[in-house]
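Asker: What follows is a structure written as structure tokens; I'll ask about it next.
The values are calculated or read from the model by the stated rules, or taken from the named source; none is laboratory data. Being a predicted model, the structure only gives us computed values, none of them experimental. Cβ: placed from backbone, ideal geometry, glycine included. Neighbour counts: every protein chain shown. We work out accessible area using only protein heavy atoms, side chains counted, and drop any ligands, DNA or RNA first. Shrake-Rupley method; radii C 1.70, N 1.55, O 1.52, S 1.80 Å.
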Amino acid sequence: MDSLLKCIDVWKSFGGFDALRGVNIEVYGGEIVGLIGPNGAGKTTLLNLINGVLKPTKGKIVFNGHVINGKKPHNVCKLGIGRVFQIPRPFFEMSCVENVVTALLFNITHSKHSVEEKAIELLEFVGITDPSATPDAITLQDKRRLEMARALATNPRLILADEYMAGLNPSEVKDALKLFKRVKEELGITILWVEHVMHAIMGLADRVIVLDHGVKIAEGKPSEIVKHKKVIEAYLGG
Ligand SMILES: Nc1ncnc2c1ncn2[C@@H]1O[C@H](COP(=O)(O)OP(=O)(O)O)[C@@H](O)[C@H]1O
Ligand SMILES: [Mg+2]
């Protein structure tokens, strides 16, 4: 497998506080990589550095052969990194389909269909049945699906997902897992996925990286991570 994303000795300080301290991670094309760790470990900060919301204090981030640290989020997105935020912020005055059309127009690569047809196709793919609904009228599950559709619309090679399962009930989590699997297998998109719902991560991720207090403390297959002494102490418990 080819290396798609590499974070090399990445540091992030907020004032005098080091939220990330020399983190090295690598993500290979076609993987689902789980990023876990206690609250405040630096998971969201790392995603923010990767997609350009924040600049690293030190270190290098390489995506698909490009050094991307310091680039603006819209430029990182154009290079092929999509993001699914924990708190969806769609355009509430627009319908679901208009939200996805807006994302499609940002990275025009879809010439085969009209953008509206493509948007409806993406909404069907994620499981939204009423494309004309406005985001304030849909369930949390559909809001997350809309986030995924908007991210897919930017034609990413890598999707960064932050706590996609939070607040979903068990059957909705099952459904979301199926969607992640289809994103990986049918669309060939790589996923770097921050999550607290452990059975979801451990059931689907190919590899798991664990952060604690801004430091990577472990990485490996889910079956190795659940037995890892440091991870149990810092996060999973006995
Ligand atoms: N903009 C910011 N300013 C100051 N401190 C921040 C900022 N963003 C995050 N932090 C701090 O950095 C640490 C890591 O935060 P975060 O990346 O959100 O953790 P996680 O997503 O793993 O829960 C926390 O201690 C948090 O309070
Ligand atoms: Mg977070």
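Asker: Residue under question is Leu122, and the condition is that it be open to solvent by 10 Å² or more (accessible area, probe 1.4 Å), in a loop (DSSP other than H, G, I, E, B) and in contact with a helix residue (DSSP H, G or I) (Cβ under 8 Å, 6 or more places away or on another chain); does it hold? Show your work before the answer.
Answerer: Details: open to solvent by 10 Å² or more (accessible area, probe 1.4 Å): yes; in a loop (DSSP other than H, G, I, E, B): no; in contact with a helix residue (DSSP H, G or I) (Cβ under 8 Å, 6 or more places away or on another chain): yes.
So Leu122 fails the test.
Residue-by-condition table, conditions (1) modelled with pLDDT of 95 or more; (2) charged (D, E, K, R):
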residue: Ile108; (1), (2): no, no
residue: Ser114; (1), (2): no, no
residue: Ile120; (1), (2): yes, no
residue: Ala149; (1), (2): yes, no
residue: Asp162; (1), (2): yes, yes
residue: Met165; (1), (2): yes, no
residue: Leu168; (1), (2): yes, no
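Asker: Among the residues of region 8-21, is any within 17 Å of the chain's Cα centre (by Cα), at pLDDT 95 or above and closer than 23 Å to Leu236 by Cα?
Answerer: no
Asker: Here is a further query. Being of a type in the set (Asp, Glu) and part of a loop (DSSP other than H, G, I, E, B) is the filter here, so list the residues in region 156-214 that pass it.
Answerer: As a first pass, look at region 156-214 and keep what is of a type in the set (Asp, Glu): 162-163, 172, 175, 185-186, 195, 206, 212.
The answer is Glu163, Glu186, Glu195, Asp206.
Asker: Could you list all residues from region 155-172 that are of a type in the set (A, V, I, L, M), surrounded by fewer than 20 Cβ atoms within 10 Å (Cβ to Cβ) and away from ligand 2 (no atom under 16 Å from the Cβ)?
Answerer: Leu168
Asker: Within region 139-161, does at least one residue satisfy the condition of being closer than 22 Å to Thr44 by Cβ and within 16 Å of ligand 1 (Cβ to nearest atom)?
Answerer: Scanning region 139-161, I find at least one residue that is closer than 22 Å to Thr44 by Cβ and within 16 Å of ligand 1 (Cβ to nearest atom), so the answer is yes.
Asker: Further, regarding this structure: So, of the residues in region 19-57 that are touching a residue at least 24 places away in the same chain (Cβ under 8 Å), part of a strand (DSSP E or B) and open to solvent by 20 Å² or more (accessible area, probe 1.4 Å), which turns out to be nearest to Glu185 (Cα to Cα)?
Answerer: Step one: of region 19-57, the residues touching a residue at least 24 places away in the same chain (Cβ under 8 Å) are 19-25, 27-38, 40-47, 49-52, 54, 56-57.
Cutting the leftovers down to part of a strand (DSSP E or B) gives us 19-25, 27-28, 32-36.
Add one more test, that the residue is open to solvent by 20 Å² or more (accessible area, probe 1.4 Å), and what stays is 21-22, 24, 28.
Working: Arg21: 34, Gly22: 32, Asn24: 26, Tyr28: 14 Å.
The selected residue is Tyr28.
Asker: Which one of the conditions (1) in contact with a Pro (Cβ under 6 Å, 6 or more places away or on another chain); (2) more than 16 Å from ligand 1 (Cβ to nearest atom); (3) in contact (Cβ under 8 Å) with a residue 40 or more places away in the chain does Ile120 fail to meet, given that it meets all the rest?
Answerer: Among (1) in contact with a Pro (Cβ under 6 Å, 6 or more places away or on another chain); (2) more than 16 Å from ligand 1 (Cβ to nearest atom); (3) in contact (Cβ under 8 Å) with a residue 40 or more places away in the chain, Ile120 violates only (3).
Asker: Continuing with the same structure: Here are some residues: Leu204, Leu211, Leu177. Which one is without any contact (Cβ under 8 Å) to a residue 40 or more places away in the chain and surrounded by 14 or more Cβ atoms within 10 Å (Cβ to Cβ)?
Answerer: Step by step, each of Leu204, Leu211, Leu177 is checked, and only Leu177 is without any contact (Cβ under 8 Å) to a residue 40 or more places away in the chain and surrounded by 14 or more Cβ atoms within 10 Å (Cβ to Cβ).
Asker: Going through Lys78, Lys60, Lys6, Lys71 one at a time, which residue ends up being more than 16 Å from ligand 2 (Cβ to nearest atom), assigned to a strand (DSSP E or B), closer than 19 Å to Ile159 by Cβ and open to solvent by 70 Å² or more (accessible area, probe 1.4 Å)?
Answerer: Going through Lys78, Lys60, Lys6, Lys71 in turn, the sole match is Lys6.
Asker: Looking at region 145-175 only, could you name the residues that are more than 13 Å from the chain's Cα centre (by Cα) and either acidic (Asp, Glu) or over 26 Å from Asn75 (Cα atoms) (or both)?
Answerer: Correct list: Ala166, Gly167, Leu168, Asn169, Pro170, Ser171, Glu172, Val173, Lys174, Asp175.
Asker: I need the full set of residues from region 9-18 which are exposed (fewer than 15 other Cβ atoms within 10 Å of the Cβ), assigned to a strand (DSSP E or B) and on the phi < 0 side of the Ramachandran plot, in order please.
Answerer: Ser13, Phe14, Phe17
Asker: Still on this structure: Just one of Gly52, Gly29, Gly37 is of a type outside the set (A, V, I, L, M, F, W, C), touching a helix residue (DSSP H, G or I) at 6+ places or on another chain (Cβ under 7 Å) and closer than 21 Å to Asp206 by Cα; which is it?
Answerer: On inspection, the qualifying residue turns out to be Gly37.
Asker: Glu172 passes all but one of (1) in contact with a helix residue (DSSP H, G or I) (Cβ under 6 Å, 6 or more places away or on another chain); (2) free of Cβ contacts under 8 Å to residues at least 12 places away in the same chain; (3) of a type in the set (Asp, Glu); which number fails?
Answerer: The number of the failed condition is (2).
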